[in-house]
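The values are calculated or read from the model by the stated rules, or taken from the named source; none is laboratory data. None of the values given here were measured: they were computed from a predicted structure. Methodologically, a virtual Cβ is constructed for each residue, glycine included, from the backbone with ideal geometry; neighbour enumeration extends over all protein chains shown. Areas reflect the complete protein model, heavy atoms only, side chains present, ligands, DNA and RNA absent. Shrake-Rupley method; radii C 1.70, N 1.55, O 1.52, S 1.80 Å.
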Amino acid sequence: MKKSNLIFAFFFILLGLLTAAAPYSFAHVCKAGEKIMKCFWTARVELFLGLSLALLGFVKVLTRAPALQLGVNIGIIINAAGIFLTPTLLIGVCAMKKMHCHAVAQPVLVVFGILILVTGLVQSVILWKKR
């Protein structure tokens, strides 16, 4: 495996783990109380998407063929779109702008999603040219 592919793979693993951990640590969302807020469900979806992204990054470490790498990148790009769309369009976060989930968690997850999406697209173009 080339060094650049390994760097991309570890980048996806790192961002996947950060995405999974963010709603439960530094970009926390509301806890489930009497009423379960939208951000609680967003955190659960982001946990799944982040862990699946980290798993796809690990699969990238194990694969060597550019065609397989490109296939894994398609999965990464789809996960990145989910990471971006969950707090904005699909589920959302609390409506109050002063809430931590609205002020911190949503922008963090959107930035992670865009970063993963752009990186996945860049590596896909690189891999496509090598085919």
Next item on the list: Taking just the C-alpha trace of the stretch 8-131, give me its Rg and Dmax in Å.
Entry: 15.3, 55
Next item on the list: Work from the charge dipole of the chain (Cβ charges, +1 for Lys and Arg, -1 for Asp and Glu, about the Cα centre) and give the residue of Thr19, Ser124, Gly113 farthest towards its positive end.
Entry: Ser124
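Counting only protein heavy atoms and using a 1.4 Å probe, what share of the accessible area of the stretch 7-81 belongs to carbon plus sulfur, as a whole percent?
Numbers: 3100 of 4000 Å².
Whole-percent figure for carbon plus sulfur exposure: 78.
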Next item on the list: Subtract the Cα-Cα distance of Leu14 and Thr88 from 0.36 nm times their separation in residues, and report this length gain in nm to one decimal.
Entry: 24.4 nm
Check: Among Trp41, Ile77, Ile7, which residue has its Cα positioned farthest towards the positive end of the charge dipole of the chain, with +1 placed on the Cβ of Lys and Arg, -1 on the Cβ of Asp and Glu, and the dipole taken about the Cα centre?
Finding: Ile7
Item checked: For the stretch 28-106, accessible area per residue (1.4 Å probe, heavy atoms of protein chains only), Å² -> 57 Å²
Notebook entry, point to check: What's the extension gain from Ile114 to Ala65 if we count 0.36 nm per residue and subtract their Cα-Cα distance?
Noted result: 15.0 nm
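What is the dipole size for the chain, taken about its Cα centre, with +1 at each Lys and Arg Cβ and -1 at each Asp and Glu Cβ, in debye to the nearest 20?
Details: 13 positive and 2 negative charges, 71 e Å.
So the dipole magnitude of the chain works out to roughly 340 debye.
Plugging the Kirkwood radius over Cα pairs into Stokes-Einstein for the stretch 1-77, at a temperature of 10 °C and a viscosity of 1.306 mPa s, what D comes out in µm²/s? Provide the component values of the computation, followed by the final result.
Details: Rh = 13.4 Å.
In µm²/s, the coefficient rounds to 119.
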Note to self: If the elastic network links every pair of Cα atoms under 10 Å, which of Val111, Val93, Val45 fluctuates the most in the Gaussian network model of the chain?
What the structure shows: Val111
Item checked: Residue among Ala20, Ala54, Ala65 with the largest mean-square fluctuation in a Gaussian network model of the chain, springs linking Cα atoms under 10 Å -> Ala65
